[in-house]
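Contents: one structure, followed by commentary.
Taken together, the values in this text are just the output of simple stated rules run on the coordinates, not laboratory data. None of the values given here were measured: they were computed from a predicted structure. Backbone-built Cβ (ideal geometry, glycine too); neighbour counts: all protein chains shown.
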Amino acid sequence: MPLQMAINRLLFERHSATPAAGPVLRIFYSSEPWCSVGYAAEKKSGYFLESSRHALQTLPVCRRVTGGGTVIHGQDLIFALCARKEDDPAKFESVETSYRHLHEVVKMAFEKLGLKPEFYRDQPLQTGRDCFLFPVETDLRLEGKKIAGGAQKRSGSVFLHEESVQPPEEISLVRLEEEILAAFENYFGIKMERILIEPEFIAEAEKAAPGCVLKVSEMNVWNSAV
């Protein structure tokens, strides 16, 4: 996971420095259980006490370049989209707008698999730092449980969206990946092509990956909160 987070950060930086770069979508999985936290987690008082406390004490933790709360990975599909507002101005204009449209894509994928997720619209919602326990209106739920949540980082017109999709156990992640790719093409009216990440880019991400790891037990905010 730290390597994946490093790749996402470098992809965002490259996109910001390369005006001609087109949208890039990555889909990946965690090889083992991990927690990821928003980029400013340790600056928020009580963050680690309120969010998935047991998991944060027992699982390795990495930092995302995006914001948001704590997410537990290991049985989810994760995707990252790096794009510009100009790539689809009507859908990517703001965080909220793009978040809703990207979840329309995820909703389409689940519907192709025979499921009927819904948005959390028109519901009183509580706020908290555990991403999948405290949904927002544009998140998706299935049978009362949140199944998709994301976070973004923006700089100028460039944005990185990182998403965790946590389907029911009976849904194959491989099938879900296929349907998400198809839904992206259908919803945005595009045709995607596969590209390889250059070895030099991977090598740079491997060097940066250790910097994405957080040692929660050594952090002052954790000790003071306890």
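For this structure, a couple of remarks:
- Normalised contact order of the range 2-216, rounded percent, pairs of Cα under 8 Å and 6 or more residues apart: 28 percent
- Cβ charges +1 (Lys, Arg) and -1 (Asp, Glu), total dipole of the chain, debye: 520 debye
- Largest GNM mean-square fluctuation among ARG154, ARG26, ARG194, using the chain with Cα springs under 10 Å: ARG194.
- Qualifying GluC sites (Glu not before Pro) in the range 140-193, DSSP loop, other Cβ atoms within 10 Å at most 10: GLU143, GLU169, GLU170, GLU193
- Cα-Cα over 24 Å, subset of LYS146/LYS207; LYS85/LYS107; LYS146/LYS215; LYS85/LYS191: LYS146/LYS207; LYS146/LYS215
- Equivalent ellipsoid dimensions for the range 2-216 as semi-axes, Å, which come from the Cα gyration tensor, largest first: 24, 23, 17
- For the chain, the 222 nm mean residue ellipticity estimated from helices alone, with every DSSP H stretch of n ≥ 4 adding -39500 (n - 2.57) and the total spread over all residues, rounds to -10500 deg cm²/dmol.
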